[in-house]
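Below: one structure, written as structure tokens.
The values are calculated or read from the model by the stated rules, or taken from the named source; none is laboratory data. What you are looking at is a predicted structure, and each value in this text was computed from that prediction instead of being measured. Glycine gets a Cβ as well: all are built from the backbone with ideal geometry, and neighbour counts include every protein chain shown. Heavy atoms of the whole protein, side chains included, go into the accessibility calculation; ligands, DNA and RNA do not. Shrake-Rupley method; radii C 1.70, N 1.55, O 1.52, S 1.80 Å.
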Amino acid sequence: MRSASKGFTLIETILSVSILLIVVIAALLAVTNSIFLNEFSRNLVTASNDAQHVLEQIKAKSFNDIPAYVSGYPASEFSNLPQETVSFPNPGYTSNLITITVQISWDERNATRTFSITTRFAQ
């Protein structure tokens, strides 16, 4: 007569630990990705707020003063993001309409990110 064995075999234990390890690694990857996504989202909101602030500054100027204000705007106005710069790519000036694009650039995780917002000012 054989006695009933109690406990787990070595194969069952190794298999259980392997499955547990896979689940733990998947959970850690999900947490890591959510941390990176949170950082990117926070930076994007900050860049959006900074661009909106610049547009509000421009809006406070008279129509004829806008081109000079934009051309003399300091590139290092903000320091909310790492290596943040403000630029105005290809502004369009006509006698009755000004098209301004505010571009915010910053460094994030060894890459340069940009956010742009465009508006028009009419005389």
- Read-out Rg/Rh (Cα atoms, Kirkwood Rh), candidates (1) 0.92; (2) 0.96; (3) 1.48; calculated match is (3)
- Message: So, taking all protein chains as they sit and a 1.4 Å probe, how much accessible area belongs to S79, in Å² rounded to tens?
- Response: 100
- Query: Expressed as a whole percentage, what fraction of the accessible surface of the stretch 39-123 belongs to carbon and sulfur atoms when a 1.4 Å probe is rolled over the protein heavy atoms?
  - Reply: 46
- In this structure, the FRET efficiency calculated for F88 and R42 from their beta-carbon separation, with R0 = 25 Å, to the nearest 0.05, is 0.50
- To the nearest 20 debye, what is the magnitude of the charge dipole of the stretch 1-119 about its Cα centre, counting +1 on the Cβ of each Lys and Arg and -1 on the Cβ of each Asp and Glu? 560
- Item | Spatial extent of the stretch 24-77: Rg and Dmax, with the Cα atoms as the point set, Å | 18.9, 62
- What does the accessible area of L20 come to, in Å² to the nearest 10, when a probe of 1.4 Å is used? 110
- Sorted by chain and then number, the residues having a modelled amide H within less than 5 Å of the amide H of L81, at least 5 places away or on another chain, are none
- Item | Per-residue ³J(HN,Hα) for the stretch 33-45, Karplus 6.51 cos²θ - 1.76 cosθ + 1.60, θ = phi - 60°, Hz, x for Gly and Pro | 4, 5, 5, 5, 5, 5, 4, 4, 5, 4, 5, 5, 5
- Query: Can you tell me the accessible area per residue over the chain, all protein chains present, probe 1.4 angstrom, in square angstrom?
  - Reply: 72
